[in-house]
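**Student:** Provided herewith is a single structure, encoded as C-alpha cells, for subsequent inquiry.
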Amino acid sequence: MRQPYLVVGALLVGMLQMGSAVFAQAPGQIPSSAVSAQGTLTERDQQLVNSAIDHWVKELQAGNAHRSAAARRKLVEPYTQGATETFVKFYDQSLAARIAAGMAATDVAGRLNTQLVARNVRSERVIDVIKQGLKDEASAVVLHAAAAAHGIAVNKDVATAVKFGLRVPVADAVKKESSPFVLSYLYLALIEIGEASHWDVVMTKFGERLAAHVASPNAGLDVEFDAVRALYNKIITARISDPGKVTDKVLTQFTLICARYLHVAANLPATDAERSRMIALFEQGGLAAIEQLNKGGAKIKVPGTLANKTANEEQLMLSDWRTMLMAEPFNFTEAQIVLPAK
C-alpha cells in the first residue's frame, strides 16, 4: 500500500529538482528583482549582480573579439534598461570596482572593450582602469581611455581631488601620443583639470604638431583649433579672476602658439571654407593674451588684424607678429617663431 506514495513522492522530488533547474540563475544574468529594486537590493540580489559582472568581465579577457564585444554590450546594457536609480547606483559602484580586471586581456579587443565600458561608468572609482588605458600600447585603447578621462574631467559630480589624480597620467599620454584623434580628447581633458604646468605640456605639444600641419596642410587644424579655443577660455578667465594664477610666462607662450598657428591658417588656400574661422580664433587668442599682458604693465604694440586683407597685406601683418614676438616682453628667437620647414 505504501508503494504508490513512494512513487508520488519520487515524482514530486523530481519535479522540484527540474523546477530548480528551470529557475536557476543563468551565468551573467541579472535578476529582474534587482533591476526594479527600490531603496536597497537584497543581499541575494547583490550577490547575483556581482556574479553577473564578474562573469562578463572575465569574458572581456577571453581573447576573442566577438566574445569581448558581447561582454561589453552586456556590461553596458543595464544602464539603458530603464532600471531604478537604486539598482543603477549599486551596479555602477560594483562595476567600477571590477572592470579593471578587463585590462588583463592579452588582446587589444579585450582591453578596448574594457575602456568602452569604462566610458559609461559614473563612479569616480573608474579612474583606476582609465589610468591603465592611458598607458596602453594600442592607440585605440588610449583613445577611449582619453574619452573616459575627459568624461570624468567635465563631470561636476566628481570631486576635484579625484580629477587631479588624472592630471599626470593624461599629461604623460599627451607627451607620447601622435594620433590627432586621441590627442583631441587628451588635450581637452588636461585643459579641463590641469593648471599652468599642465597647460605648458599642451602648448609644447601644439608646437610639436606644427611640423605635421606644415607637411600636410590639407589634414585640417580642427584638433588644435578646439584645444586652443578651450585653453584660451581657461587662461583668460583664470587671469581675469586671479591674476596670480596665470603668469606672464604662460601668456607669452600662449601668444607664441596663437601666432604660429595663425601663420599656418593664413597659409591655407583662400578657397578653404574653414580658413576665416581658423584665422579669427588664433588671432583672437593671441590678442586677448596681449591685452592681459598690457594690463599687467607691458607696452606691446598690438599688431593689426588679418580680416579683409589682401594676400600681401596679410603677409605684412604676419611680419608684424614676428617682430613683436622678438621684442619685450616676449624675447623669442626667430627659430622659435618661424614655422618648421616642409
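**Student:** For segment 211-241, which positions are under 16 Å from residue 266 (Cβ atoms), in contact (Cβ under 8 Å) with a residue 24 or more places away in the chain and not hydrophobic (A, V, I, L, M, F, W, C)?
**Tutor:** Hits for segment 211-241 are 213, 217, 220, 224.
**Student:** Quick one: is residue 238 touching a Lys or Arg at 6+ places or on another chain (Cβ under 8 Å) and surrounded by fewer than 21 Cβ atoms within 10 Å (Cβ to Cβ)?
**Tutor:** It is true that residue 238 is touching a Lys or Arg at 6+ places or on another chain (Cβ under 8 Å) and surrounded by fewer than 21 Cβ atoms within 10 Å (Cβ to Cβ).
**Student:** Pull up segment 323-342, narrow it to residues that are touching a residue at least 24 places away in the same chain (Cβ under 8 Å) and surrounded by fewer than 11 Cβ atoms within 10 Å (Cβ to Cβ), then point me to the one that is farthest from the chain's Cα centre (by Cα).
**Tutor:** Filtering segment 323-342 for residues that are touching a residue at least 24 places away in the same chain (Cβ under 8 Å) and surrounded by fewer than 11 Cβ atoms within 10 Å (Cβ to Cβ), the one farthest from the chain's Cα centre (by Cα) comes out as 328.
**Student:** Sort out which residues of segment 64-81 are touching a helix residue (DSSP H, G or I) at 6+ places or on another chain (Cβ under 7 Å) and assigned to a loop (DSSP other than H, G, I, E, B), and write them in order of number.
**Tutor:** 81
**Student:** When only residues in segment 65-82 that are buried (at least 17 other Cβ atoms within 10 Å of the Cβ) and either basic (Lys, Arg) or closer than 12 Å to residue 30 by Cα (or both) count, which is farthest from the chain's Cα centre (by Cα)?
**Tutor:** 67
**Student:** Here's a follow-up. Suppose we filter segment 303-322 for residues that are among the β-branched types (Val, Ile, Thr) and surrounded by 13 or more Cβ atoms within 10 Å (Cβ to Cβ); how many remain?
**Tutor:** Total satisfying the criteria: 1.
**Student:** Just to be sure, is residue 171 surrounded by 20 or more Cβ atoms within 10 Å (Cβ to Cβ) and out of contact with any Phe, Trp or Tyr (no Cβ under 6 Å at 6 or more places or on another chain)?
**Tutor:** Yes.
**Student:** Condition first: at pLDDT 90 or above, of a type in the set (D, E, K, R) and either closer than 28 Å to residue 217 by Cβ or in contact with a Ser or Thr (Cβ under 6 Å, 6 or more places away or on another chain) (or both). Now tell me which residues in segment 235-273 satisfy that.
**Tutor:** 260
**Student:** Regarding residue 341, is this residue among the small types (Gly, Ala, Ser) and more than 14 Å from residue 263 (Cα to Cα)?
**Tutor:** So residue 341 fails the test.
**Student:** Among the residues in segment 216-227, are any among the acidic types (Asp, Glu) and surrounded by 20 or more Cβ atoms within 10 Å (Cβ to Cβ)?
**Tutor:** Taking every residue of segment 216-227 in turn, at least one turns out to be among the acidic types (Asp, Glu) and surrounded by 20 or more Cβ atoms within 10 Å (Cβ to Cβ).
**Student:** Here's something else I'd like to know. For residue 294, only one of the following conditions fails: (1) at pLDDT below 95; (2) over 27 Å from the mean Cα position of the chain (by Cα). What is its number?
**Tutor:** (1) is the only condition that residue 294 fails.
**Student:** I would also like to ask the following. So in segment 242-275, with the set limited to residues that are closer than 30 Å to residue 197 by Cβ and free of Cβ contacts under 8 Å to residues at least 40 places away in the same chain, which one is surrounded by the fewest Cβ atoms within 10 Å (Cβ to Cβ)?
**Tutor:** Going through the qualifying residues, I end up with 244.
**Student:** Moving on. Filter segment 104-130 down to the residues that are crowded, with 24+ Cβ neighbours inside 10 Å, touching a Ser or Thr at 6+ places or on another chain (Cβ under 6 Å) and either part of a loop (DSSP other than H, G, I, E, B) or not polar (S, T, N, Q) (or both) and list them by number.
**Tutor:** 110
**Student:** A further question follows. Answer yes if at least one residue in segment 181-193 is in contact (Cβ under 8 Å) with a residue 24 or more places away in the chain and among the polar types (S, T, N, Q), and no otherwise.
**Tutor:** yes
Yes/no per residue for (1) part of a helix (DSSP H, G or I); (2) buried (at least 16 other Cβ atoms within 10 Å of the Cβ); (3) at pLDDT below 95:
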| residue | (1), (2), (3) |
| --- | --- |
| 132 | yes, yes, no |
| 152 | yes, yes, yes |
| 156 | no, no, yes |
| 161 | yes, no, yes |
| 197 | yes, no, yes |
| 206 | yes, yes, no |
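**Student:** Now a separate question. Are there helices (runs of 4 or more DSSP H) fully within segment 257-342 with at least 3 residues that are closer than 18 Å to residue 225 by Cβ and touching a Gly at 6+ places or on another chain (Cβ under 6 Å)? List them.
**Tutor:** No helices (runs of 4 or more DSSP H) qualify here.
The values are calculated or read from the model by the stated rules, or taken from the named source; none is laboratory data. This structure is a prediction, so every number in the text was calculated from the model and none was measured. Cβ atoms come from the backbone with ideal geometry, glycine included; neighbour counts cover every protein chain shown.
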